[in-house]
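Taken together, the values in this text are just the output of simple stated rules run on the coordinates, not laboratory data. Given the structure is predicted, the values throughout are model-derived calculations rather than measurements. Reconstructed Cβ throughout: ideal geometry from the backbone, glycine too, with neighbour counts over all protein chains shown.
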Ligand code: PEP
């Protein structure tokens, strides 16, 4: 049986008290199940509360949404990977499209962040994906390959094997418009091929972009998919518990 990862990106929602209440409700509605892991990415202020709330459950884990690459110093407002780890983060999103397109993170910034996350012993979830203009110009695979090479190019196979990659087409994030499982599958296969050809023995490739209760069944049927990264549909504990328990054929 294939193991599946369900990752919840809460973005700028759910403070510490709300995170505790959410996770209590989630734990009650979603018992542990073999072959399913659920990772939560709360805002940094809620990391510690969320990490406490999942402590008893080995299938649940908490991660940080973004880090700065320096370990410490005079960087007002920033959070480093070691500080996030201290607060309970075991994983980190790196290169999320909102970091790239709202905050202007470059490929080089993303590479430095990914290195910092690995150095702190935290698991990176590298997000890659093309804009609508890039897709319509037929550049999807070229963009994804460029983002992979920029962020992961210098890593050996052992380090690459610690990286989870999420294919998140920019045009599908928060828009209600998801990639078809077949379209996502083509890009996920290309990502897996890139990872293995660079020495990764273990690969985990997720899909993200408007995943919801209405499309999760067909997405999980795509053999290339190892799980999903979900924003909007992860914000309600009950709905998210239902999504995580979606049966597979
Ligand atoms: C995301 O934030 O990574 C995401 C995929 O958001 P949404 O599910 O809302 O499209």
| Using the alpha-carbon centroid of each, what span in Å lies between the stretch 216-246 and the stretch 165-202? | 15
| query | Do the sum for the chain: with -39,500 (n - 2.57) for every DSSP H run of n ≥ 4, divided by all residues, what is the mean residue ellipticity at 222 nm, to the nearest 500 deg cm²/dmol? | reply | -11000 deg cm²/dmol
| query | Any idea how far apart residue 197 and residue 3 come out in nm if each label point goes 7 Å out from Cα toward Cβ? | reply | 2.7
| field | Extension gain from residue 221 to residue 139, taking 0.36 nm per residue of separation minus the Cα-Cα distance | value | 26.9 nm
| query | Who wins for biggest fluctuation among 171, 194, 39 in a Gaussian network model of the chain, springs between alpha carbons below 10 Å? | reply | 194
| said: Restricting to Cα pairs below 8 Å that are 6+ residues apart, what does the relative contact order work out to for the stretch 1-133? Please round to a whole percent. | reply: 21
| remark: By the Cα gyration tensor axes a ≥ b ≥ c (a/c under 1.5 gives rounded; else a/b larger than b/c gives prolate, otherwise oblate), the shape of the stretch 1-148 is oblate
| said: Give me the percent relative contact order of the chain, please, defined on Cα pairs under 8 angstrom at least 6 residues apart. | reply: 19
| Along the three principal axes, how long is the stretch 3-60 when you take its alpha carbons, biggest first, rounded to the nearest angstrom? | 30, 19, 16
| Taking 0.36 nm per intervening residue step and subtracting the Cα-Cα distance, what contour gain separates residue 106 from residue 177 on full extension? | 23.0 nm
| field | Fully extended contour minus Cα-Cα distance, from residue 162 to residue 248, at 0.36 nm per residue | value | 28.4 nm
| field | Max mean-square fluctuation residue, GNM over the chain, Cα-Cα springs under 10 Å, options 34, 226, 109 | value | 34
